[in-house]
Amino acid sequence: MAIIKSVENGVQAKSVIESFITEGYDRDHIHVFANSNKRAEDIADFFNVDASKTPETTEDDKGFLASIKNFFQSTPEDLHHQLADIGVGESEHASAKNDLDAGKVLIVAHHPGK
């Protein structure tokens, strides 16, 4: 089973990540999701944890060239699969997506095989 914490910024993310580590979660099993892959990567790199790719949508994501770009990027279904793969319950997926859409950062910790 996975535990999801939704935070507003990097300071809160730091606190949650440190708490998960103190609780015994391995850094390889702590994942950062954000509506901007750059934001997730920055936080994850700083704390040496996993940054999961999430779908990014901007006003520039319209038209033929944008559709080609989007073909090679993550989709909402990818987010659904990523969350399921690390043990996030189906009932929590909509809430997680809403938090990401609101600009929050999700920190997810799990113990594999449990």
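Computed from the coordinates by the stated procedures, all read-outs in this text should not be read as laboratory data. Bear in mind that the values here come from a model prediction, so they are computed numbers and not experimental data. Methodologically, a virtual Cβ is constructed for each residue, glycine included, from the backbone with ideal geometry; neighbour enumeration extends over all protein chains shown.
Computed from backbone phi with θ = phi - 60° and the Karplus coefficients 6.51, -1.76 and 1.60, the 3J(HN,Hα) list for segment 15-32 is 4, 5, 4, 4, 5, 4, 5, 4, 6, x, 6, 6, 4, 5, 10, 10, 10, 10 Hz; x is used for glycine and proline.
Using the Karplus relation 6.51 cos²θ - 1.76 cosθ + 1.60 with θ = phi - 60°, the per-residue 3J(HN,Hα) values for segment 83-100 come to 5, 5, 4, 9, x, 6, x, 3, 5, 9, 5, 5, 5, 4, 5, 4, 4, 4 Hz, with x marking Gly and Pro. The order of His110, His31, His80, going from fewest to most other C-beta atoms within 10 Å of their C-beta, is His80, His110, His31.
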